[in-house]
Structures are given as C-alpha cells and as structure tokens.
Amino acid sequence: MTRSLQIVICNPARTIFALTPKCGSTSIVNVFLKLAGFEPREWNSRSFASRAQQDGRLEKAGLSFENMTLEKIADFQMSHPDYALFATIRDPYARVVSNYFNKLNRYAKRRNRLAHSYGKLRQLFEGRKSWPHVETGILHMQKLISFETFLAGLQEYGTDFDSHFALQSKLLGLERMDYDRLFRLETLSHEFPPALLNRGLPDDMTERLGTLPQKNATNYTGNQDRLMTEVNRRTISHIYAKDFDLLDYPR
C-alpha cells in the first residue's frame with residue numbers, strides 16, 4: 001500500500017514540513033497556524049486548517065496543508081529547490097508508550113474487537129461528556145490488553161496497519177529521501193523556532209512565533225519507566241530495530 005504523509009507548505013519560510021504521526025504533529029500544525037495569524041483550539045486544529053484552506057484563508061497567508069506520497073514530495077522538492085524539507089522524529093520507546101495510552105483503540109479495533117467493544121461501551125455508559133475523549137475508552141481497553149500483550153501483538157502482526165504505529169524511518173522514507181533537518185521531538189521546542197527564523201520569516205510572522213506550544217500531549221507521566229522493563233525494551237528494540245538504526249536513538 002502506498003502511504004501518504006500530510007505536509008505543511010509554508011511559502012514565507014520556504015519550508016516543507018512532513019508531519020510524522022505520534023511525533024508532535026499536532027504541535028507543528030498549531031505552530032504554522034499561529035504563524036499565519038490564526039488561534040485554533042487544540043482539539044480542532046486540523047479541522048480548522050481544512051476549513052481555512054477550503055475558504056482561501058490559508059492561501060492568503062502563504063500556507064497550505066497537503067497529503068502527498070513520498071514520490072510527490074520528492075517531485076515538489078525538485079520543483080522548489082530553495083525550499084527546506086523538515087520532519088520530526090521521536091524516541092521509539094516513548095512513541096510506543098504514547099501509542100498504548102493514546103492510540104490503543106486503533107490497535108484493539110484491528111486485533112482485539114472484544115476489548116475495543118468493552119472500552120467503547122464503558123465510555124458510553126460514563127455519559128455524553130466522556131464520548132469525545134478517546135482516552136476514556138482506552139483506559140478500559142487496557143484492562144483487557146496489557147502493555148506486554150500489546151507489544152506481543154505488534155511483534156506478531158507487524159506495525160503497518162496504522163501510520164501511528166508504523167516505523168518512522170519507513171513513513172519518512174529515510175533510505176531514499178533527502179531531509180534538510182530531522183527535529184527530535186525531545187528538543188523540538190527550543191530548536192524549531194530558530195530554524196524557522198533562519199528561513200527568513202517576515203517580521204509580522206516572527207512576532208507571532210514565541211514559545212512553541214505543545215498540543216495533544218499524551219498524559220502518561222510516570223508510566224514509561226514503569227513499563228520499560230528489560231524484556232519490554234528488548235521487544236521494542238526488535239520491532240523498531242530499523243528506527244533505532246536510522247534515527248540514531250540509543251537502545
């Protein structure tokens with residue numbers, strides 16, 4: 001299956017930014033919208049961007065959101081040689097834990113329908129206010145899918161069923177694409193703003209940049225150390241071996 005990436009094209013900064021799933025992509029979307037003079041709410045930033053693109057507001061700000069295959073991104077690079085191609089990457093250990101607490105519903109829907117139905121029913125019974133919050137149902141799914149069971153499933157069935165679980169190196173095509181810079185999510189907040197400034201942003205956009213906002217952060221504080229047993233680390237290192245090799249994160 002040919003998979004596409006959502007990219008942000010910022011003409012004032014002559015920048016193409018490939019959004020890597022579960023690697024701070026929502027934060028990046030909000031940064032570019034903020035630069036363009038918009039202040040969307042965290043929960044609807046992507047739908048806001050879609051509406052603003054349809055009605056022409058993004059185009060006026062020199063911004064566009066597109067879905068492109070790696071081949072089309074490469075073609076765009078060829079036709080815009082003065083544009084920089086950026087993307088974010090993330091420690092594979094942290095990304096797996098974040099998926100367990102934030103995207104387990106996607107895994108359960110494909111690999112454990114009983115756990116998925118149980119979590120959704122429990123979420124429904126908690127009332128209308130809980131329904132928009134996917135983590136509510138995931139907490140119940142975790143009662144039937146332990147972290148170890150989740151990892152065993154990824155190891156047995158693979159990670160290509162969903163882009164949030166897929167290898168970052170494969171999504172970004174690191175063995176054949178030429179990126180000007182890969183920002184580590186762990187240091188993104190203080191490295192990305194200067195990089196944008198160096199791309200020649202106009203003064204009105206520079207003033208809006210400020211501190212990089214962190215959006216859609218998974219709330220699993222303290223759980224990563226608890227789940228990162230030696231056995232689990234070895235399993236993750238095996239599943240995401242190519243990411244560790246190509247992204248240069250330590251095992």
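The values are calculated or read from the model by the stated rules, or taken from the named source; none is laboratory data. What you see is a predicted model, and the numbers here were worked out from it, not measured in a lab. Cβ placement follows ideal geometry from the backbone for every residue including glycine, while neighbour counts extend to all protein chains displayed.
Here's the yes/no breakdown for (1) more than 19 Å from Ile16 (Cα to Cα); (2) among the aliphatic types (A, V, I, L, M); (3) in contact (Cβ under 8 Å) with a residue 12 or more places away in the chain; (4) touching a helix residue (DSSP H, G or I) at 6+ places or on another chain (Cβ under 6 Å):
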position: Asn67; (1), (2), (3), (4): no, no, yes, no
position: Ser79; (1), (2), (3), (4): no, no, no, no
position: Phe86; (1), (2), (3), (4): no, no, yes, no
position: Arg95; (1), (2), (3), (4): yes, no, yes, no
position: Asn105; (1), (2), (3), (4): yes, no, yes, yes
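Listed here are the residues, each with its yes/no results for (1) hydroxyl-bearing (Ser, Thr, Tyr); (2) under 30 Å from Pro250 (Cα atoms); (3) at pLDDT 95 or above.
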{"position": "Val97", "(1), (2), (3)": "no, yes, yes"}
{"position": "Ala115", "(1), (2), (3)": "no, no, yes"}
{"position": "Leu124", "(1), (2), (3)": "no, no, no"}
{"position": "Gly127", "(1), (2), (3)": "no, no, no"}
{"position": "Ser130", "(1), (2), (3)": "yes, no, no"}
Might you let me know whether segment 1-17 holds any residue that is under 22 Å from Leu188 (Cβ atoms), in contact with a His (Cβ under 9 Å, 6 or more places away or on another chain) and surrounded by 17 or more Cβ atoms within 10 Å (Cβ to Cβ)? yes
Taking the condition in a helix (DSSP H, G or I) and touching a Ser or Thr at 6+ places or on another chain (Cβ under 7 Å), does Leu151 pass? yes
Could you identify the single residue in Ile138, Ile145 that is outside any helix (DSSP H, G or I), crowded, with 20+ Cβ neighbours inside 10 Å and not assigned by TED's automatic domain parsing to the domain that holds Ala74? Ile145
Write out, first by first residue and then by second, each pair whose Cβ atoms fall under 7 Å of each other, whose residues are 6+ apart or on separate chains, and whose first residue, in segment 112-130, is farther than 16 Å from Gln142 by Cα while the second is among the hydroxyl-bearing types (Ser, Thr, Tyr) and in a helix (DSSP H, G or I). Glu126/Thr136; Ser130/Thr136
Assuming Tyr93 fulfils every condition listed in (1) closer than 28 Å to Asp243 by Cα; (2) under 14 Å from the mean Cα position of the chain (by Cα) apart from one, which condition is it? (2)
Of the residues in segment 23-66, how many are assigned to a helix (DSSP H, G or I), exposed (fewer than 15 other Cβ atoms within 10 Å of the Cβ) and among the charged types (D, E, K, R)? 4
If I filter segment 67-100 down to residues being assigned to a helix (DSSP H, G or I) and among the hydrophobic types (A, V, I, L, M, F, W, C), which single residue comes out as surrounded by the most Cβ atoms within 10 Å (Cβ to Cβ)? Val96
Looking only at segment 1-22, decide whether some residue is outside any loop (DSSP other than H, G, I, E, B), of a type in the set (Ser, Thr, Tyr) and under 20 Å from Phe165 (Cα atoms). yes
The correct count of residues that are in contact with a Gly (Cβ under 8 Å, 6 or more places away or on another chain) and part of a loop (DSSP other than H, G, I, E, B) in segment 101-119 is 1
